[in-house]
Amino acid sequence: MKKFYLTMVCSAAFAAVSAASAQAQDAAPIKIGFAIAQSGWLSNYDAAPFQAAVLKIEEINKAGGLLGRKIEYQIADTKTDQALAATGGAQLVDAGVDLLVVSCDYDFGAPAALAAQQAGKIAISMCAGDPKMGVQGVGPLAFTATSAAQSEGIAIAEYAQKKMGLKTAYVLEDVIIEYNKSACAGFDAAWKAGGGEASILGKDTFRNEDPSIAAQITRIKSLPTPPDAIMLCSVTPGGASAVRQLRAAGIDTPILSITAMSDNYWLNAVPGLKDFYIPGLISLYGDDPRPEVGTFLAAFKARYGDLPASSYGVMGYTLIEQWAYAVEKAGTTDSQAVVDVMNTFKDQPFTAGPTSYTDQLHIQVNRPWLIMKVENDSFHAVEVYRNSFVPDMKLLFRVGQ
Amino acid sequence: MTNVVQVIVDAGALGSLYALVALAIGLVFGVMRLINFAQADYATIGAYSLVVPTASITPPLMFGALPTALMVGCVIGTVILLALLTERVAFRPLRNSNPATLLISSFAVSYFLQNLVVLVHSGRPKSVGIGGSLTNAVELWGIRIPGVQLLTMGVAATLLVVLVLFLKKTPLGIQMRAAAENFQMARLLGVPANRVIAVAFAISGFLAGTVSLLLVIQTGTLDIKMGLMPVVYAFFATVIGGMGSLPGAALGGFIVGVVSVLLQTYLPTDLRPFRDAGVFALVILILLFRPQGLIVTSAARERV
């Protein structure tokens, strides 16, 4: 009998211990890994979204955590190196992260995202504008928080035709990166859909590092009829240089451009610039019409003492927001379950705007843009505009073009 | 017709810019058999000296805030000092090594300087609005020429003349030409090697400083790789012009600039992205027919 009691007590104690350990398991923190560049040129683009992502993580923790668990994060510095991105991603996956956040660029984010995909973990890029960061490229567990570059070109084309009443355009494409070409492909398709083949008066290319685009400017000036608008698919510094040279040559035509040209830091290159339009993400200059953006910027400023260094910052915030929402809904951090929830998003309202995914498309194709223009040496919000022309798969992957 | 004139001006301006860089490379190569790739970073650092060294992407102006004459002097002075410093630290101790070692050393200097800029200024491109009035187009014979194109051509022509006068008329210039012809012989005849080489570097720094200002006035932007493309082009220019020949370098710079503009102007749209391939194909063609370059110096001939 005594022996029986002892056994009972022991079993009870054992049960209590295992229950306690199970509870501890439940309360174990959720882990998010960041395989991002903290040094090298890409660090300038990864820094602001990363800060914003950390802000969102801290907000969730302050509100009691996710599924009742705290979120912890770890960073692997990829040093703007594709090989290090792959090893950094693999290390974080080995460390057992539930979500891998990767760099703001397809070429540098994909190696890390692939490591996650192979291990069955979800990976989200902060702001890669390439749909290959998704089902057809990296795999069904990869996402990007931002819009396809094509939709930037589409949005500004539609806006210029429908709201600004511009009829003809001339396209100047910087061939240094694929992002520019994708944006120009979107512009081309949407402009022709709205105004016909002949409404694009001409097309020319340059390279970002070209010290001069004089020959391209001469071609524009020799057109029999001057265009209503010039579409410039480029990034800084070459894009800023091109704008300066266009204006210096006395071409005062409205210039349409893409999201990478947003934010005021390059405007010194063209003092007094006017009639320059872009599809922006958010305005950092106090005039964004969407209250949720204002809330985000105020929280960011309270946390870091300054506004995000670039408007891409919001993408890091919205990335964590989306994933946390899906985890909450799925009731687990299991990657497949979370992805299944994310694939059902249809205009789900988040800070960066309504967000939709399908099991085929893990990038935004018609999230509303904040059209912005330059006036008095600063970007200003004009209005929120949503493109109605939606890029098909052929345009998104630029096949047969 | 106006179009053709405009194309000629475009080509001339770009050719002048490349000629300036090519002169700097050719000069140093002449006296030292060193192809100085750090020339790109001299220009980059000259441009960055316009702004206060901070990681901020909208930095306040430093030399850029000075009155024009002082600004030009300070930027060029900075680059000359930098060129002399790199010569003293990285190249002088290696002077007797073979050209390959020197070339590697120049790559090392180039990477070092580039990373230094990233460290101090961060890698993000910045912008400066200096010389805005110079970029305004000037109306000449019915065509509008951007002021900066006229400036580039004017500066290049002036510097070329000054450099030729310096090399032909001054004792130091004559010593430098002698050193370029046959360095050992010149030394035996009493030409001070250190001084001649230092002066060559100072002139290359002067040219790099000038190029940096012209680039900033033209583009309004600062970037860690801003000097790279002109130097790559200028390097090819010195090769096709004839290594070690200064008129060759200037001519070569002109040719690559002009060809690049002509290809951009007259190639069909689909081929234009491959413009650079056309320029480099031309380099290969010229070298096939004239392996020593267009203007051959006696120094470049095989010596027994």
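The values are calculated or read from the model by the stated rules, or taken from the named source; none is laboratory data. Everything numeric here is computed off the predicted structure, so don't read it as measured data. Virtual Cβ from ideal backbone geometry, glycine too; neighbours counted across all protein chains shown.
Only one of (1) at pLDDT below 95; (2) more than 30 Å from A:Leu273 (Cα to Cα) fails for A:Ala326. Which number is that?
Among (1) at pLDDT below 95; (2) more than 30 Å from A:Leu273 (Cα to Cα), the lone unmet condition for A:Ala326 is (1).
When you go through B:Ile295, B:Ile217 one by one, which is the residue that is modelled with pLDDT of 90 or more and either hydrophobic (A, V, I, L, M, F, W, C) or over 15 Å from B:Ala156 (Cβ atoms) (or both)? Explain how you work it out, then say what you get.
Numbers: B:Ile295 fails: modelled with pLDDT of 90 or more.
After ruling out the rest, the residue left standing is B:Ile217.
Out of all the residues in segment A:220-243, which are in contact with a strand residue (DSSP E or B) (Cβ under 8 Å, 6 or more places away or on another chain) and within 7 Å of chain B (Cβ to nearest Cβ)? Can you show your working first?
Residues of segment A:220-243 that are in contact with a strand residue (DSSP E or B) (Cβ under 8 Å, 6 or more places away or on another chain), as a first pass: A:220-221, A:223, A:225, A:227-243.
Correct list: A:Thr236, A:Pro237, A:Ala240, A:Ser241.
In segment B:220-237, what residues are within 13 Å of chain A (Cβ to nearest Cβ) and under 21 Å from B:Met153 (Cβ atoms)?
B:Gly220, B:Met226, B:Gly227, B:Met229, B:Pro230, B:Val231, B:Tyr233, B:Ala234
Check whether at least one residue in segment A:269-288 is surrounded by fewer than 24 Cβ atoms within 10 Å (Cβ to Cβ), more than 28 Å from A:Gly186 (Cα to Cα), at pLDDT below 95 and within 13 Å of another protein chain (Cβ to nearest Cβ), and report yes or no.
yes
Failed condition for B:Ile203, given (1) buried (at least 18 other Cβ atoms within 10 Å of the Cβ); (2) within 14 Å of chain A (Cβ to nearest Cβ), with all others met?
(2)
Show me the helices (runs of 4 or more DSSP H) found entirely inside segment B:45-156 where at least 3 residues are closer than 20 Å to B:Ala198 by Cα and in contact (Cβ under 8 Å) with a residue 60 or more places away in the chain. Outline the logic, then answer.
Numbers: elements: B:68-86, B:99-121, B:132-135.
Passing ranges, in order: B:68-86, B:99-121.
Given A:Phe300, A:Phe296, which one is touching a Gly at 6+ places or on another chain (Cβ under 9 Å), assigned to a helix (DSSP H, G or I), surrounded by fewer than 24 Cβ atoms within 10 Å (Cβ to Cβ) and not aliphatic (A, V, I, L, M)?
Numbers: A:Phe296 fails: surrounded by fewer than 24 Cβ atoms within 10 Å (Cβ to Cβ).
Just one listed residue meets the conditions, A:Phe300.
Output the residue which, of all residues in segment A:156-178 that are over 29 Å from B:Phe274 (Cα atoms) and touching a residue at least 60 places away in the same chain (Cβ under 8 Å), is farthest from the chain's Cα centre (by Cα). First the steps, then the outcome.
Step one: filter segment A:156-178 for residues over 29 Å from B:Phe274 (Cα atoms), giving A:158-167.
Subset that is touching a residue at least 60 places away in the same chain (Cβ under 8 Å): A:158-160, A:163-164, A:166-167.
Numbers: A:Glu158: 21, A:Tyr159: 21, A:Ala160: 23, A:Lys163: 26, A:Met164: 27, A:Leu166: 28, A:Lys167: 30 Å.
Here the residue is A:Lys167.
Kindly indicate which of A:Asp263, A:Asp252 is crowded, with 23+ Cβ neighbours inside 10 Å, farther than 23 Å from A:Val365 by Cβ, within 14 Å of chain B (Cβ to nearest Cβ) and of a type in the set (Asp, Glu).
On the way: A:Asp252 fails: crowded, with 23+ Cβ neighbours inside 10 Å.
Selected residue: A:Asp263, the only one of A:Asp263, A:Asp252 that is crowded, with 23+ Cβ neighbours inside 10 Å, farther than 23 Å from A:Val365 by Cβ, within 14 Å of chain B (Cβ to nearest Cβ) and of a type in the set (Asp, Glu).
Name the single residue, out of those in segment A:366-386 being in a loop (DSSP other than H, G, I, E, B) and at pLDDT 95 or above, that is surrounded by the most Cβ atoms within 10 Å (Cβ to Cβ).
So the residue we want is A:Arg367.
Assuming B:Val51 fulfils every condition listed in (1) more than 11 Å from chain A (Cβ to nearest Cβ); (2) farther than 17 Å from B:Leu85 by Cα apart from one, which condition is it?
Only one criterion is unmet by B:Val51, namely (1).
Output the helices (runs of 4 or more DSSP H) that fall wholly within segment A:40-119 and possess 2 or more residues being assigned by TED's automatic domain parsing to the domain that holds A:Lys329 and over 19 Å from A:Phe300 (Cα atoms), or say none. So that I can check it myself, show each step before the final result.
Details: elements: A:43-62, A:82-94, A:106-118.
Once the helices (runs of 4 or more DSSP H) in segment A:40-119 are filtered for at least 2 residues that are assigned by TED's automatic domain parsing to the domain that holds A:Lys329 and over 19 Å from A:Phe300 (Cα atoms), what remains is A:82-94, A:106-118.
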